[in-house]
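In what follows, a single structure is set out as structure tokens and then discussed.
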Amino acid sequence: ELEEQRKSVVKTIESEHQRLMKVYGWTEKQLKCEYHTTYGYVFRVTRKEDQQVRTSKELITVSTSKDGVRFVSERLSSLSEQYKGIRKVYDVRQQDLKQKLVSTVVTYLPVLDDAKELIAALDVFVAWATVVRDSPHPMVRPTIRTPETEEEQEGNKSLITLINVRHPLVELRQPVYTPNTLRLTDDANALIITGPNMGGKSTFMRSVGISVVLAQAGCFVPADSADMVTRDAVMCRVGATDHLAQGVSTFMVEMLESAAILNAATRDSLAVID
């Protein structure tokens, strides 16, 4: 009902607009009808064409500025007040409906929270499935063991075994990728990698860290085979940077970060230091 009233008023305003153009010989380009936040609906002409406004008895000037002269007719002024009244009632009813809607939605918050959690989990699972499906090389489901089961199985001393492990992002960009194999055990629980620049040392180390994170998160791993004991943390120190403002060199940053890893790591942690 209010919308119909509003449309009726707007249509009448347009009719008044057409009447003034006909009476004073203005074109649509010369005579503009617009809504002003202070004055409501007004007409506007440029200052070059305001002669007829100043000499007219039915037109009332409300403001003059660089962009032209704003004025109203008695009919437009009355219609503008009608429009304001309708809009005020409309806004009040709209606010009431909005409040009722919010009050109703609030009662469903527990259901919406559950739906949000389910959708978030589904989003992750679909993303993992997409990665596995679109991987240029097969990905494998890892075998995960806990430190407790590892202690019970005295014959199995393997901590992390990754056969032909790959970096999931690098292999997307490289047509030829050479995988690497890692075996860490209780007796050999550290690996030092040396080699020339651009030889793949950093990529190998990062592929190991990423594979452990993916495996413990529940995703397939970019390798031919993956077997590992769960890690309580994956701590990384990679890249090179400095803090000149603090007077800390690149070497000092590396030492501080490495020291932080050594102080925080446990026997069940994986440390990747490049």
Residues in segment 193-231 that are over 15 Å from ASN180 (Cβ atoms) and in contact with a Phe, Trp or Tyr (Cβ under 9 Å, 6 or more places away or on another chain) total 5
Of the residues in segment 173-212, those that are surrounded by fewer than 13 Cβ atoms within 10 Å (Cβ to Cβ) and not in a loop (DSSP other than H, G, I, E, B) come to ARG173, THR185
Give the residue, chosen from LEU172, LEU184, that is touching a residue at least 12 places away in the same chain (Cβ under 8 Å), touching a strand residue (DSSP E or B) at 6+ places or on another chain (Cβ under 6 Å) and either of a type in the set (Val, Ile, Thr) or in the same structural domain as GLY239 (by TED's automatic domain parsing) (or both). LEU184
Matching residues in segment 207-229 (touching an Asp or Glu at 6+ places or on another chain (Cβ under 8 Å) and either charged (D, E, K, R) or closer than 19 Å to MET139 by Cβ (or both)) number 1
One residue is enough: does segment 240-257 have a residue meeting the conditions assigned by TED's automatic domain parsing to the domain that holds VAL165, touching a residue at least 24 places away in the same chain (Cβ under 8 Å) and surrounded by 13 or more Cβ atoms within 10 Å (Cβ to Cβ)? no
Quickly run through segment 156-169 and pick out the residues that are without any contact (Cβ under 8 Å) to a residue 60 or more places away in the chain and under 37 Å from the mean Cα position of the chain (by Cα). ARG166, HIS167, PRO168, LEU169
Of everything in segment 1-57, what is over 13 Å from GLY68 (Cα atoms) and aliphatic (A, V, I, L, M)? Give them in sequence order. LEU2, VAL9, VAL10, ILE13, LEU20, MET21, VAL23
If we scan segment 20-38, do we find a residue that is surrounded by 14 or more Cβ atoms within 10 Å (Cβ to Cβ), in a strand (DSSP E or B), among the aliphatic types (A, V, I, L, M) and in contact (Cβ under 8 Å) with a residue 12 or more places away in the chain? no
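The values are calculated or read from the model by the stated rules, or taken from the named source; none is laboratory data. The model shown is predicted, which means the values in this text are computed figures rather than measured ones. Note: ideal-geometry Cβ built from the backbone for every residue, glycine included; neighbour counts use all protein chains shown.
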